[in-house]
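The values are calculated or read from the model by the stated rules, or taken from the named source; none is laboratory data. As the structure is a prediction and not an experimental result, all values here were calculated from the model. Quick reminder, even Gly has a Cβ in these numbers, built from the backbone with ideal geometry, and neighbours come from all protein chains shown.
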Amino acid sequence: MRNVYCMKDFAVEQISFLENYSIQNILISNDGSRHTLIPQSKRTCRFCNKSSPDVTFNCVAHLIPHSWGNKNLKSDFECDDCNNKFSLFESDFSSLLGIYKTLNNINDQKKTFSSNTIKAKEIVLKSGKTITWIINRNPNEECFKLDVENGVTSAEYYKSAYAPINIYKLFLKIALSCLPREDIGMYDNLINILHKNANQQLQMFARQISIYELSFKVASPRAIVFKRNDTLCKNLMHHIQIYFEDFIYNFPIPLNIFDFNPLWHNNKAIEITFCPPLFFDKLEDSAHCTRGFIDLSRIDKIKEREKFAFSSEPGSFTKLSSWDKVVGVKDNVNLSDVPIDGVVMTESGVEFDVDDLAEIQSIFKKTRKETGTL
């Protein structure tokens, strides 16, 4: 049994939750462990109950999406048809994240982001230095705003449209993938609903998903499955925490065959208890998080406007120089008088020489020609 830690503010909740639930399964991506998979010819899909050769298992299926940075938590119980169907939910989650994935260097297959107003891309320069550039795609609209006094650059853009209920279905698919094999039969009804896209039957459960935003990032995607200790208690059978970057998504898995059987619960009302953020390593005293709830019950697609910002030392924007391949260096540049077409980000401490700057400038010009904004 591994030691479990939480932040001091959640100590009482941790004790209360673990009185009702025990950890049943721990899945941590990229932790160095190796997982032996069943040969394709002997596999059965837990989502459609079909076996090889009636269905194929050629795709590399993942317990937690590969696009989240998960490299080694792979599945041997998801056929190609189900994998292709459920993978569609991932695009809605990517739309929810917006530019977040590109700015945070998440190990996605595509390290780019594009909307009607901005475009972002991670690029490795000839010198080996990595940058992320963000460019305004609409010259007729001011995208970037500069607070010279406080050293803050901000931008607004519209995310791609997404259906919140599809994000909830992605979370459910992850939960069902992380359950032990012996318990998956308890959720036949839930699996059928996912196959039929019967969204109305999921809405009541999708209205309150607990989310923690951490002051730090977890090293890699992970999930913890909890199972209730007492079969006859009022809590739902399984609970899951899904860890991604600096977020934890927390919810009970609905529609277990035993959860709403009055013979098991003596007609007692079902109780939902949310798990506090738990970790397997001791935390720094400064570690903290904020807690909230998100409603993922909407079926129609929504399009959100999001704002993001970069902070520098206050006053740093008043002591800048500029460089151009033709003009050279110009000191004491007043950014208040200069329209901002794009922003370049890199890790702290990285310095650019003249060749780097020339390459970055040519990248911006090339992109402007490609997008028709030059």
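If you go through region 19-50 and keep only what is over 26 Å from the mean Cα position of the chain (by Cα) and either farther than 30 Å from residue 81 by Cα or not assigned by TED's automatic domain parsing to the domain that holds residue 77 (or both), you end up with 19, 20.
When residues in region 282-316 are screened for being of a type in the set (Val, Ile, Thr) and loosely packed, with under 14 Cβ neighbours inside 10 Å, 2 of them pass. Checked against (1) closer than 30 Å to residue 303 by Cα; (2) in a helix (DSSP H, G or I), residue 70 meets all criteria but (2). Note on region 24-59: residues that are β-branched (Val, Ile, Thr) and touching a strand residue (DSSP E or B) at 6+ places or on another chain (Cβ under 6 Å) amount to 3. Taking the criterion of being part of a loop (DSSP other than H, G, I, E, B) and modelled with pLDDT of 90 or more, would at least one residue in region 191-198 satisfy it? Within region 191-198, one or more residues are part of a loop (DSSP other than H, G, I, E, B) and modelled with pLDDT of 90 or more.
Listed by first and then second residue, the pairs linking a residue in region 13-40 that is at positive phi to a residue that is outside any strand (DSSP E or B) and of a type in the set (A, V, I, L, M), with Cβ atoms under 8 Å apart and 6 or more places separating them unless they lie on different chains, are 30/219.
Taking only region 279-297 into account, find how many residues are β-branched (Val, Ile, Thr) and under 13 Å from residue 246 (Cβ atoms). Number satisfying all stated conditions: 1.
Residues in region 28-44 that are loosely packed, with under 12 Cβ neighbours inside 10 Å and not β-branched (Val, Ile, Thr): 32, 33, 34, 35, 39, 41, 42.
Of all the listed residues (311, 297), the sole one being closer than 29 Å to residue 343 by Cβ and polar (S, T, N, Q) is 311. Give region 324-352 a look and list any residue that's at pLDDT below 80, assigned to a strand (DSSP E or B) and either basic (Lys, Arg) or surrounded by 14 or more Cβ atoms within 10 Å (Cβ to Cβ) (or both), or say none. Within region 324-352, just 333 meets the criteria. Checked against the criterion of being among the small types (Gly, Ala, Ser), touching a Leu at 6+ places or on another chain (Cβ under 8 Å) and within 17 Å of residue 310 (Cβ to Cβ), region 117-137 has at least one qualifying residue.
For residues that are part of a strand (DSSP E or B) and out of contact with any helix residue (DSSP H, G or I) (no Cβ under 7 Å at 6 or more places or on another chain), tally how many sit in region 309-323. So the count comes out to 5.
Annotation for region 171-182: at least one member residue is under 28 Å from residue 71 (Cβ atoms), among the aliphatic types (A, V, I, L, M) and assigned to a loop (DSSP other than H, G, I, E, B).
Considering only residues of region 125-181 that are under 20 Å from the mean Cα position of the chain (by Cα) and of a type in the set (Ser, Thr, Tyr), which is surrounded by the fewest Cβ atoms within 10 Å (Cβ to Cβ)? My answer is 158.
Sub-8 Å Cβ pairs linking a first residue in region 223-248 that is among the polar types (S, T, N, Q) to a second residue that is modelled with pLDDT under 90 and surrounded by fewer than 21 Cβ atoms within 10 Å (Cβ to Cβ), at least 6 apart or interchain, are 231/258; 231/264; 235/270; 235/271; 235/272; 235/273, ordered by first then second residue.
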